[in-house]
Amino acid sequence: MILELLLIIIAASIWYFQYLMHYEEADADPPSRELPKQQAVLKAYYDSFPDIDTVTNVTNPDIKKAEEFTRSILNIKPSGDVSNRDTACHIISKLLGDSGQQCLFFDSANGINLHDASGNLTDIGSEEKIFVLKLRSSQGLGGDMTRKTFEDDVKLAEILMDCVKQNRHHPILEDIRNQLAAAHEVTKDRIVIKAVYAGSCSIVYTVLDLTPSALEKLVDVSKKLKTQFGKFLSAKVHPLLYRPSFDIACFDERGNRTFSSTPNTHQIGPSGRTKIYTEAAGWTRYGLKVLNKYKNDDWLHPFQHCNNWYRAFHGTRNAKAVDFGETDENIEQKAAPIDAIANIYKRGFRPAREAAYGPGVYCSPNPAWLERTYAGAVEIDTVKGKKSFKCMIQVAANPDGVKCATNEIWVVAKSEDIRPYGILIKEA
């Protein structure tokens, strides 16, 4: 009897040890564990970014299929009619890439599985492109080699996140920056940590002054990070930073519309807090498939529901947030009508400047004002000859997350509080 009891205890101990080892090595949290709300939001957003190893794998069958599909679209001259999808695809290709950084088109309806960048279109004008380092646990950071539990990682993430927000020093943050700098072969002052969250231990960061050659060598980054961090799990990259991909299955004909030349207006938003929604007169909108994508659809549908988010417009021209504080004349002189992504690929990242109205995504409720200042223009070769088109992104902004800096300028601090739902195109 005693022997049987000892065998049961030994078996249970072995099982528990294997469970702990499995948890440490797994890329998932135990189902019974819940993250604090703020960390859960960060995890949901940043964990959706594609892995560097995936986007740089030239032998990936899905990438090869997408390359072939992209050629089938771009090798044929478009009609030049803004209401035809072939024209829209050529315009999107120009906006999201250039000859060195081509946008990939794919159709998930045909079984191709790549990351769709349409949900990140509000970042199109941002020079700050994000990396995410995921570790199995925080063990080893700051030289602390003791085994870390899920609760340990959550607590540390909250402490480090507070330090990031308050720009305070913490030895573990400095250790992480040193290791990231070594992996990217840059000085530590060029590593900026933006966020930390648990489940698994994840560090969100950017590299200042990232050069085109560094972008071309992304394939080596995850290898160097794996060497640098003992608990390395994976490395992710912002969907627009390296060879962005666009799922044409994400077009939603229900959202397609050509707006009349008369700018109709509507009241949108919660009762007592509505804002004016001004339609983009004379523009053609391609709807994006966003219904059933989030917890519920009242933020967008039905139209003028009391839970609808505010409507606004986001420019695609290469301009930084600080330029919103300048006159229209200065904007026109400084902002070249070319997408920021292509510009970054060619010239590299420039040092960030202080945003005129604080950090966040800048948008405007006034489509006519944005068209004059920040609507990116591209030229494409069509069957009717060369034609120029302007492009804007139509977005919905959470009423609780919008700062109305001026009548023309809104700032949305958190990425989860702004959702693109349409691509607007107009012949220039």
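The values are calculated or read from the model by the stated rules, or taken from the named source; none is laboratory data. This is a predicted model, so every value here is computed, not measured. We place every Cβ from the backbone using ideal geometry, glycine too, and count neighbours over all the protein chains shown.
Restricting attention to segment 49-94, the residues that are surrounded by 14 or more Cβ atoms within 10 Å (Cβ to Cβ), of a type in the set (Ser, Thr, Tyr), free of Cβ contacts under 8 Å to residues at least 60 places away in the same chain and assigned to a loop (DSSP other than H, G, I, E, B) add up to 0.
Per-residue answers, yes or no, for (1) modelled with pLDDT of 90 or more; (2) surrounded by 23 or more Cβ atoms within 10 Å (Cβ to Cβ); (3) outside the structural domain of Asn292 (by TED's automatic domain parsing):
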position	(1), (2), (3)
Phe106	yes, yes, yes
His115	no, no, yes
Gly125	no, yes, yes
Gln139	yes, no, yes
Asp144	yes, no, yes
Arg147	yes, no, yes
Leu156	yes, no, yes
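Going through Lys77, Lys64, Lys37, Lys94 one at a time, which residue ends up being under 30 Å from Glu151 (Cβ atoms) and either basic (Lys, Arg) or at pLDDT 90 or above (or both)?
On the way: Lys77 fails: under 30 Å from Glu151 (Cβ atoms); Lys64 fails: under 30 Å from Glu151 (Cβ atoms); Lys94 fails: under 30 Å from Glu151 (Cβ atoms).
Result of the check over Lys77, Lys64, Lys37, Lys94: Lys37.
Number of residues in segment 165-186 that are surrounded by 21 or more Cβ atoms within 10 Å (Cβ to Cβ) and among the small types (Gly, Ala, Ser): the value is 1. The set of residues from segment 267-306 being in a strand (DSSP E or B) and in contact (Cβ under 8 Å) with a residue 40 or more places away in the chain comprises Ile268, Lys275, Ile276, Tyr277, Thr278, Thr284, Arg285, Tyr286, Gly287, Leu288. On the stretch given as segment 192-246, residues that are within 20 Å of the chain's Cα centre (by Cα) and among the basic types (Lys, Arg) total 3.
Got a sec? Which helices (runs of 4 or more DSSP H) wholly within segment 307-397 have at least 2 residues that are at pLDDT below 80?
On the way: elements: 328-334, 340-347, 367-373.
Once the helices (runs of 4 or more DSSP H) in segment 307-397 are filtered for at least 2 residues that are at pLDDT below 80, what remains is 328-334, 340-347.
Among residues of segment 358-381 that are at positive phi, those with a Cβ under 6 angstrom from a residue that is assigned to a strand (DSSP E or B) and not polar (S, T, N, Q), sequence gap 6+ or separate chain, pair up as Gly358/Val411; Gly360/Val411; Gly360/Val412.
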